[in-house]
Amino acid sequence: MHCPLSVLFWIVIKKMKILNDFISNFNRKIQVKKDMREYLKIIKELDSNHIHYGYFTYKTRKTINKKEFVEAQNNISNLIISNIPKNVKFILDLGGGIGGISHDLKKRDYNPYCIVPDKILINEGKKRFKDIKFIKSTAEIFRLKDKFDLCIMIESFQFFYNKRKALRNILLHLKQKSYILILDEFSYSSEVSKNLPIEIKYINTLKKNNFNVIYNKDLSRGIIPTFDYGYNHFLQNNSKLAESYLKTKNEYLSNKRKYKLIIMIKNEKINKKHI
C-alpha cells in the first residue's frame with residue numbers, strides 16, 4: 001500500500017520543522033551561555049553579586065559610578081523580597097545567575113533552589129555562597145521531587161528557549177496554592193527582540209492554568225539609568241555593546257519595551273487582601 005504524496009509531503013515538512021526547531025533551540029542555548037559569561041565578567045569588575053539591571057529609586061546623573069550601580073542592583077533584590085507573599089517558604093529561583101538573589105533569600109530564612117544552565121556561573125556561585133542549592137539545568141527540563149510555594153524569574157524568562165514548555169514544567173513543581181513572580185522586560189512592538197515575552201500572552205497562558213494577577217507594576221523609569229551606565233562603561237572599549245545600551249534605552253523611552261513586576265497566584269480568587 002502506497003503512502004499518498006500529500007501525506008508524505010506533510011511528514012517531510014513536519015520533520016523539517018522539528019529539525020529547524022532543534023537547531024534554533026541549540027543555537028539559542030549557546031548564545032545565552034555566551035551572554036551570561038559576558039555578564040559574569042562585568043559583575044566581577046563591579047564586585048557585584050547580581051547579573052541583572054539596576055533599579056534606581058532617585059533621580060540620577062548620567063554619570064553613575066560603580067558603587068551607585070551595585071546599590072541599584074541590590075534594590076532589585078530588596079524589591080523582590082519585599083513583594084514575596086506571606087506563607088511562602090520554598091522558592092524556585094529560575095535562571096538565578098550566580099545565586100545572588102537566592103543568597104539574599106536564604107539570609108531572610110527562605111529556602112531557595114537556584115536553577116542555572118551554565119556550570120561556569122554555578123562554579124562562581126559556589127565560591128561565593130556556600131549555603132545555596134544549585135541545580136544545573138534549564139527551565140524547560142529541570143526535575144525536582146519537591147513542590148514549591150513560589151517561582152521567581154528575574155530577567156531570565158526572556159532567555160528560555162521554549163517559554164511554553166518552561167511554564168508547563170514550572171507548573172509541575174508548584175503546590176496547589178502557589179505564586180509566580182516575574183521581573184523582566186516585555187515587548188510592546190514588533191521592532192523589539194523576538195525573544196522578549198509579550199505581557200498579554202504570558203498572563204493569558206497562566207490564566208488558562210488557574211493563575212490570577214495580584215500585582216502588576218511598570219518599573220521601566222527606575223531601570224533606565226542602567227543603560228546610561230552601560231553606554232558610558234562600554235563606550236571606549238566596545239562601541240557595539242555601548243550602542244546596544246543606547247538602542248535599548250530608546251526603546252524604553254518610546255514604550256516599545258517595558259520592565260514589569262508581575263505576581264500571579266494559583267487556585268484562589270482575588271480579593272482585597274491581595275491588592
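Each value in this text was obtained by applying a stated rule to the coordinates, not by laboratory testing. This one's a predicted model, so the numbers in the text were calculated from it and none came from an experiment. Every residue, glycine among them, receives a Cβ derived from its backbone with ideal geometry; neighbour counts consider all protein chains shown.
Residue-level check: of (1) without any contact (Cβ under 8 Å) to a residue 60 or more places away in the chain; (2) part of a strand (DSSP E or B), LEU167 misses just (2).
Residues in the stretch 104-123 that are buried (at least 18 other Cβ atoms within 10 Å of the Cβ) and over 18 Å from ILE81 (Cβ atoms): ILE115, VAL116, PRO117, ASP118, LEU121, ILE122. Selection within the stretch 104-141: residues that are aromatic (Phe, Trp, Tyr) and more than 19 Å from the chain's Cα centre (by Cα). The member of this set that is farthest from VAL70 (Cα to Cα) is TYR110. Among the residues of the stretch 81-103 satisfying the criterion of being part of a strand (DSSP E or B) and within 14 Å of the chain's Cα centre (by Cα), which is surrounded by the most Cβ atoms within 10 Å (Cβ to Cβ)? Taking the candidates together, the pick is ASP93. If I filter the stretch 171-208 down to residues being more than 18 Å from LYS260 (Cβ to Cβ) and touching a residue at least 24 places away in the same chain (Cβ under 8 Å), which single residue comes out as surrounded by the most Cβ atoms within 10 Å (Cβ to Cβ)? Ranking the candidates gives SER178 first. Of the residues making up the stretch 125-164, those that are under 16 Å from LYS201 (Cβ atoms) and not in a strand (DSSP E or B) number 6. In the stretch 231-259, of all residues being under 20 Å from the mean Cα position of the chain (by Cα) and aromatic (Phe, Trp, Tyr), the one that is surrounded by the most Cβ atoms within 10 Å (Cβ to Cβ) corresponds to TYR259.
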